[in-house]
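The structure appears below as structure tokens.
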Amino acid sequence: MAVDRSMNVLVVDDYKSMIRIVRGLLEQLGFKNIDEAVDGPSALEKIAQKDYGLILSDWNMSPMTGYELLQAVRAMPNGKSTPFVMVTAEAKTENVVAARQAGANNYIIKPFTLAVLKQKLTAVFGEL
């Protein structure tokens, strides 16, 4: 099944430069409808108002971490099955395990390339 590149995508990161990088990579992969949030609470507001086909979130943010955001999204009726990819500089095995147990569909370690993003999204959606 082909991936719907017109689906809504939400990029959550407290660094605007990282949002720009991820947005640019997603656009190179053909995604068009990309929203952004600079923290967990604003991401939750957007998720409550719109259905997303993919959420990419940083781990290290405040006042809510990406891990806490993932838990909150999984607790929402419209967020139980939304593909959620954690994007972080945290490469600790226990973080990867915790994210997986909380329902993350994949985990990307920063810095990463277009090829890595494509590989991780292919693992979630099937061939891009």
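The values are calculated or read from the model by the stated rules, or taken from the named source; none is laboratory data. Since the model is a prediction, treat every value here as computed from it, not as a measurement. Glycine gets a Cβ as well: all are built from the backbone with ideal geometry, and neighbour counts include every protein chain shown. These area figures cover heavy atoms from the full protein model, side chains too; ligands, DNA and RNA do not enter into them. Shrake-Rupley method; radii C 1.70, N 1.55, O 1.52, S 1.80 Å.
With the chain treated as a Gaussian network of Cα nodes joined by springs under 10 Å, which of 12, 116, 22 yields the largest mean-square fluctuation?
Largest GNM mean-square fluctuation: 116.
Grab the DSSP H runs of the chain that are 4 residues or longer, score each as -39,500 (n - 2.57), total them, divide by all residues and round the 222 nm result to the nearest 500 deg cm²/dmol.
Result for the chain, helices only: -13000 deg cm²/dmol.
Scan around residue 55 for amide H atoms under 5 Å from its own, H built in the peptide plane at 1.01 Å from N, and keep only partners 5 or more places away or cross-chain.
10, 84, 85
Of the residues 17, 81, 57, which exhibits the maximal mean-square fluctuation in a Gaussian network model of the chain defined by a 10 Å Cα contact cut-off?
Maximum fluctuation in the GNM of the chain, among the listed residues, is at 17.
Tell me, what is the per residue accessible area of the chain in Å², probe radius 1.4 Å?
In whole numbers, the chain has 50 Å² accessible per residue.
What percentages, rounded to whole numbers, describe P(r) for region 1-49 computed over all alpha carbon pairs with 5 Å bin width beginning at zero?
Histogram of Cα-Cα distances, whole percents per bin: 5, 22, 28, 22, 17, 6, 1.
Take the alpha carbon gyration tensor of region 25-81, find the square roots of its eigenvalues, order them as a ≥ b ≥ c, and report rounded if a/c is under 1.5; if not, report prolate when a/b exceeds b/c, else oblate.
Taking the square roots of the gyration eigenvalues as a ≥ b ≥ c, region 25-81 is oblate.
Can you list residues from other chains, or at least 5 along the same chain, whose modelled amide H is less than 5 Å from the amide H of residue 36?
Under 5 Å from the amide H of residue 36 lie the amide H atoms of 11, each far enough along the sequence or on another chain.
Obtain the radius of gyration and the Kirkwood radius of the chain from its C-alpha atoms and give Rg over Rh.
Radius of gyration relative to Kirkwood radius: 0.92.
Please check the chain for the longest run free of trypsin sites (Lys or Arg not before Pro) that are loop-located per DSSP (anything but H, G, I, E, B) and have at most 16 other Cβ atoms within 10 Å.
Value returned for the longest uninterrupted segment is 93-128.
What percent does the relative contact order of the chain come to when contacts are Cα pairs within less than 8 Å and at least six residues apart? It would help to have the intermediate numbers written out before the result.
Details: 208 pairs, mean separation 31.0, N = 128.
Answer for the chain is 24 percent.
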